[in-house]
Amino acid sequence: MKDFFNQYKFMGDYLIGSTFAITLYTYLNQIRDQFDLIIPIPIDKSTWLTRGFNQVVGLAPKFDWNDILVSNRSDNQKHQYQNSRIERIARNNPFQVCEESRNKLREKSVLLVDDIYTTGTTLRHARDALHKYGTKRIESITLCR
Amino acid sequence: MVEDDKEQFYGREIILSRDNHSFECDLRPGVTKLDNSRYQCNRCATKFVYQSGLLPRNEVYCRNCIQLGRISSLVNLGTIAEPNKFKKGVDYLAWQGQLTNAQQRCSRNIIESINQQNNRLLWAVTGAGKTEMLFEGVAHALKLGHRVCIASPRVDVCIELFPRLQASFPGLEIVLLHGKTEMKYRYRQLTICTTHQLLRFRGAFDLLIVDEVDAFPLAGNAALHFAIHKARKLQGTTIYLTATPDQKLLNDVKNGDLSVSYLPRRFHGFKLPEIMVKLSFGWEKKITKGYIFPVLRRFLQLQKSNKRRFLIFVPRIRQLPLIHNVISKKFPDLKIEPVHSKDPQRHEKVQLMRSGEVDGLLTTTILERGVTLPKIDILIIGSDDNIYSSAALVQIAGRAGRSKERPDGNVWAACEVRTKQINTAIAQIKKMNRMKVED
Ligand SMILES: [Zn+2]
């Protein structure tokens, strides 16, 4: 598993993600009915420029993802020093729901998907970003710990 | 850009993100689009179609050289033309050894090729003292301020060459590059590296010496041959070293594109040990059941009574523990170590053999080239297995008896049938042994 992620995510061998795809694709389709939206954790702009793919989506590229979160990590971090702690935590959230999807979240049940569980901060940020728009239920899965 | 950062770009191809324009270097795209569906990687020249290595947003990447860091349409390759920022006129060579007449002739030929900027095949049998023949040529090039590289397809060979060259060129800083080293790249006048690492260079070397051109993974690998071509300057000298040149090299010699120097005899003037075929039927079945087979028993008895050390070659990794078990059971007082290409303790075990702490190594083909172990005999189990090419068998035979004290090693080839490869290897050795040394 470690070798897989090393080659896939860090070396950027996108193609081997689809070896994983069959399992994940099947699984996601099985639970599709239980959620209104299945959302991958997004990657920021600079990752798009270097890695060139979202590592969550790439594990099941044929799945019908609701890719409605965007990440602007670098822009937010510039002004950190101006804010109080609470503000900072809020402002520090790199994730936003893209504009055209904001009104589609009310009373919806949502599943967040991430590849590797690290501290939980990422998932908490994503949860906060969605919660603002009145979701009913947010669950999350990570592919490995 | 500070000088230290700039050095990284001299004769190299450095991966830069596409939006990075702040560097004062030549930029080339990582990948070139050839037509609607085909692309070419600009580091390894591999062509690929749209589907393989496709990224989202219509970007593509090369899977062939991904081990060295991914080349994609998202990046540029940055190079600064090799400036040869080295001191001229320094004689670094401290080696005091003696060359035989035949070796001296080859050594002179190399210097001629450096002066004339042409390429040369050095066709020398295993154990002919190839490394020593290179010293004067390397020293000559260094004195001229040339940038020099010695490359081999095999990591073992690079690791062994490094201390030998350090000892022979004491004032010179050398950089050793291969996939298993932590050593960072440095801009140095002499580089020792694997042929894979050559992919990271562009027009860097005035003198490029390629050892074991016929060895895996170089043999038949277009990307690595491209790397040899690319890493050298347009004007310069490439020296190919081999005991078993392939048809391509021989054709180049025939057409006059490549000069050739011959060294048919080993440095001590003795002949190559000839391969003796030992038929042994059903050996694999026997070892699987935990029994020894007669050829193996006879070989070990001889080694034991003559107190001679040995290498036993085994075609498949899975057979190693089986044979190891059988030997430990029947010859408990012989100290042997099994070792294979993926063995993390490989280098330590070879070291134990070299220092005489073990009597023999049980090994897959990975040790067949370059590693020098004096005074040994050899048994090739399953020599009819198709992983042994005739070139590999000649190389393995060349391992035996590499010293003046005992030049006559035994080489036994245990097999169920005499393959074409075995016969060709035997014929090649006989032919080389018949060749007269021209002085
Ligand atoms: Zn490539």
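The values are calculated or read from the model by the stated rules, or taken from the named source; none is laboratory data. These numbers come from a predicted model, not from an experiment. When we count neighbours, we look across all protein chains shown, and the Cβ atoms used for this are built from the backbone with ideal geometry, even at glycine. In case anyone asks, the SASA skips ligands and DNA or RNA and just uses the protein heavy atoms, side chains included. Shrake-Rupley method; radii C 1.70, N 1.55, O 1.52, S 1.80 Å.
Structure notes:
- Once the stretch B:18-59 is narrowed to residues that are surrounded by 13 or more Cβ atoms within 10 Å (Cβ to Cβ) and at the interface with another protein chain (Cβ under 9 Å from one of its Cβ atoms), the residue that is farthest from the ligand (Cβ to nearest atom) is B:P56.
- Of all residues in the stretch B:60-88, those that are more than 9 Å from every other protein chain (Cβ to nearest Cβ), near the ligand (Cβ under 10 Å from one of its atoms) and open to solvent by 50 Å² or more (accessible area, probe 1.4 Å) total 1.
- Some residue of the stretch B:212-226 being of a type in the set (D, E), assigned by TED's automatic domain parsing to the domain that holds B:V125 and touching a Leu at 6+ places or on another chain (Cβ under 6 Å): no
- Scanning the stretch B:89-107 for residues that are touching a Gly at 6+ places or on another chain (Cβ under 8 Å) and either assigned to a helix (DSSP H, G or I) or within 16 Å of the ligand (Cβ to nearest atom) (or both) yields B:Q103, B:S107.
- Output for the stretch B:143-191, where each listed residue is of a type in the set (A, V, I, L, M) and under 16 Å from the mean Cα position of the chain (by Cα): B:I150, B:A151, B:V155, B:V157, B:I159, B:L161, B:L165, B:L176, B:L177
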